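A.B. asks: Before we start, here is the structure in question, set down as structure tokens.
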Amino acid sequence: MPAGQDRSSKPHPAPGLPRRRVLRTGAGVVAGAATLPLLDACAATTSDGVGADGRVTIEMWHGQNEIGAKAIEALAADFNRSQSRIRVNASGGGVVADAMLQKVTAALAAGAFPDIAYIFGSDLASIARSPKVVDLTGVMHDGDPPWNGFWPSVREAVTLHGKVRAAPSLLDSLAVACNTKLFQRAGIPLPKPGWTWLEFVATAKKLTDAGHGVFGTAWPGAGDEDTVWRLWPMVWDLGGDVIAPDGKSIGFADAGKRALETVAQLVADKSVYIDPKPGSEQMYQVFTSGRMGMVITGPWQLPNIVESKLPYDVVPMPTYSGKPLTISGPDTWTVFDNGKARSRAAVEFVRWLIAPAQDVRWDIGGGSLPLSRQTEAESAWQRHSADTVGLPVFTKALETARVRPIHPAYPQISQATGEAVVSVLLGRASPAKAVRRCADKADAALLIPR
């Protein structure tokens, strides 16, 4: 993801953060759904963190590696230098973000947990069942930037049952990266905003050149969340939803079938590269090697594309209706109650971290999109965006982005949906049959009392 201390420069090639979408199905946390009044719960069994000099020490598990770790640890060091009341010990927590849920779950069970942890937005509903998760409603609603300054997808991603259960950390969206050289060779103009899935399928077919090993597009085929979350904008645009309004069944029985028919057409046209491995690295390698016309991706992939020197541009996601719509996957800084002093200190640090002056540094260094319109207006972000081809498209997409539901059954829904998508990609089931099988498994998960 884009990195570098000089934020006016073009993005430097750097290893990206681990793909944040991989869900661990069936992961549970300590039972207990009651939320905590902000900072008023009883102290945990761990130290209150107050030193002899009155300074409070808190632990942060950020789960980042390489460039992301350097960015967040530099921010924590700046915070420590800026005042003498709080010291933040920021570390990866011994794991990368993909394994943070299991690490925190075990720490909660053992009674020795961090004050702040990087939790995937898709895992928040599970982790928030612990009574040790601090309720941030008052803090976030009265903070800086103002609550309404955050993108709608950000606000939705951290809100559960009307309560703000975490602060936002990292934000992205999906759009389509295009190999402009292949488009020119095929005599095809670049797509424009408002293009449709029918046009996407036709364009992928025209770009495909089997004789030269060129694919029109790609789709992750591991059955993980990277396979799944690309389908949700299609479902939403067709009038469906992940979960039905009654909460007892999936909300995409019809829309899912129609969306998978689009996927099936790509397969029938032999225009789609199917990446069988988690992480989708192979399909991105095919794209950056110049053998793929289009790939649905997020801003995290831009540094690798720039490094490859591939001529490219980015266009919005296609839709069925012609109206703009995409998906965003915000992740969170979740605060845990280790006693009043440490909780207050953790909240203060998180508030400082997501303020525009710090958020813009993390966005550029850690590969995020701006959490708020206030951050977007920062001059450093404006320079960075102007110097990075395609980045403004991802940011613009946040205006119409939606997020997956914060629901404890989502991992099971995702797993069933991933199996459905893969069965269509591999020609093992028709879209109708795939959705029926998905519904059987996902509906059963939704009926489990939680």
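A.B. asks: In this model, which of 132/340; 70/277; 270/396 are farther than 23 Å apart at the alpha-carbon?
C.D. replies: Working: 132/340 12 Å; 70/277 28 Å; 270/396 32 Å.
From 132/340; 70/277; 270/396, over 23 Å: 70/277; 270/396.
A.B. asks: A further question follows. Using only Cα atoms, what Kirkwood radius does region 301-346 have, in angstroms?
C.D. replies: Working: mean 1/r = 0.0645 Å⁻¹.
After inverting the mean inverse Cα-Cα distance, the result is 15.5 Å.
A.B. asks: Grab the other residues whose beta carbon is less than 10 angstrom from that of residue 48, score K and R as +1, D and E as -1, and report the net.
C.D. replies: Working: positive: 340, 342; negative: none.
After counting each charged neighbour, the total is +2.
A.B. asks: Now a separate question. Using the Kirkwood formula on the Cα atoms of region 202-354, what hydrodynamic radius do you get, in angstrom to one decimal? Display every interim value, and only then the final one.
C.D. replies: Numbers: mean 1/r = 0.0551 Å⁻¹.
Hydrodynamic radius (Kirkwood, Cα only) of region 202-354 equals 18.1 Å.
A.B. asks: From the alpha carbon gyration tensor of region 100-256, can you work out the equivalent ellipsoid semi-axes (sqrt of 5 times each eigenvalue) and give them in Å, largest to smallest? Spell out each step's value before the answer.
C.D. replies: On the way: eigenvalues 304, 68, 64 Å².
Values for region 100-256, descending: 39, 18, 18 Å.
A.B. asks: Over the alpha-carbon set of region 117-164, work out the extent along each principal axis and list the three values in angstrom, largest first.
C.D. replies: Sorted from largest, the Cα extents of region 117-164 read 27, 21, 19 Å.
A.B. asks: Mind checking the angle between helix 253-268 and the chain's longest principal axis? C-alpha axes, 0 to 90 degrees, to the nearest 10.
C.D. replies: For 253-268 against the chain, the angle is about 50 degrees.
A.B. asks: Using the Kirkwood formula over every pair of different C-alpha atoms, what hydrodynamic radius in Å results for region 344-450? List each step's numbers first, then the result.
C.D. replies: Working: mean 1/r = 0.0577 Å⁻¹.
Answer for region 344-450: a Kirkwood hydrodynamic radius of 17.3 Å.
A.B. asks: Continuing with this model, one more query. Would you mind checking the tilt of helix 431-446 against the longest principal axis of the Cα atoms of the chain, expressed as 0 to 90 degrees and rounded to 10?
C.D. replies: Orientation of helix 431-446: about 20 degrees from the principal axis.
A.B. asks: So how far, in whole Å, is the C-alpha centre of region 298-346 from the one of region 190-205?
C.D. replies: Using only Cα atoms to place each centre, the spacing works out to 24 Å.
A.B. asks: Ok, one more. State the volume of the convex hull built on the alpha-carbon positions of region 366-421, expressed per residue in Å³ and rounded to an integer.
C.D. replies: Numbers: hull volume 7.4 nm³, N = 56.
Roughly 133 Å³ of hull volume per residue.
A.B. asks: Using only the alpha carbons, work out the radius of gyration and Dmax of the chain in angstrom.
C.D. replies: 21.8, 73
A.B. asks: Please report the antiparallel percentage of the DSSP beta bridges confined to the chain, to the nearest 5. Walk me through the intermediate numbers first.
C.D. replies: Values: 22 of 39 bridges.
Taking every DSSP beta bridge with both residues in the chain, the antiparallel ones total about 55 percent.
A.B. asks: Sort 380-390, 153-163, 331-341 for me by packing, meaning the mean count of neighbouring Cβ atoms within 10 Å per residue, highest on top. Intermediate results must be reported in sequence, preceding the final value.
C.D. replies: Values: 380-390: 17.7, 153-163: 19.3, 331-341: 24.7.
Most protected by this proxy first, the peptides run 331-341, 153-163, 380-390.
A.B. asks: Each label point is 7 Å from the Cα along the Cα-to-Cβ direction; what then is the distance between the points at residue 192 and residue 373, in nm?
C.D. replies: 2.7 nm
A.B. asks: Taking the chain as the reference, fit the longest principal axis to its C-alpha atoms, fit the long axis of helix 356-366 to the helix C-alpha atoms, and give the angle between the two in degrees, 0 to 90, nearest 10.
C.D. replies: 50 degrees
A.B. asks: Using each residue's phi in region 186-199, evaluate 6.51 cos²θ - 1.76 cosθ + 1.60 at θ = phi - 60° and report the 3J(HN,Hα) Karplus result to the nearest Hz, with x for Gly and Pro.
C.D. replies: Rounded to whole hertz, the list is 7, x, 10, x, 4, x, 10, x, x, 5, 10, 5, 4, 5.
A.B. asks: How about residue 441: which aspartates and glutamates have a C-alpha closer than 13 Å to its C-alpha, ignoring those fewer than 8 places off in the same chain?
C.D. replies: Of all the aspartates and glutamates, those that pass the test against residue 441 - Cα under 13 Å, at least 8 places apart if same chain - are 419.
A.B. asks: Step through the residues of region 77-82 one at a time and calculate ³J(HN,Hα) from phi using the Karplus curve (6.51 cos²θ - 1.76 cosθ + 1.60, θ = phi - 60°), rounding each to whole Hz and writing x for Gly and Pro.
C.D. replies: 5, 5, 4, 4, 6, 7
A.B. asks: Can you list the residues, at least 5 places off or on another chain, whose amide H is less than 5 Å from the amide H of residue 401, using H built in the peptide plane?
C.D. replies: Hits under the 5 Å cutoff: 326.
A.B. asks: Enumerate the aspartates and glutamates that residue 205 could reach by cross-link, defined here as Cα to Cα under 15 Å, with residues fewer than 8 away along the same chain left out.
C.D. replies: Leaving aside aspartates and glutamates fewer than 8 places away in the same chain, those within reach of residue 205 are 269.
All of the numbers you see were taken from the coordinates with simple rules; none came from a lab. Remember, predicted model here, so these are calculated numbers, not experimental data. Reconstructed Cβ throughout: ideal geometry from the backbone, glycine too, with neighbour counts over all protein chains shown.
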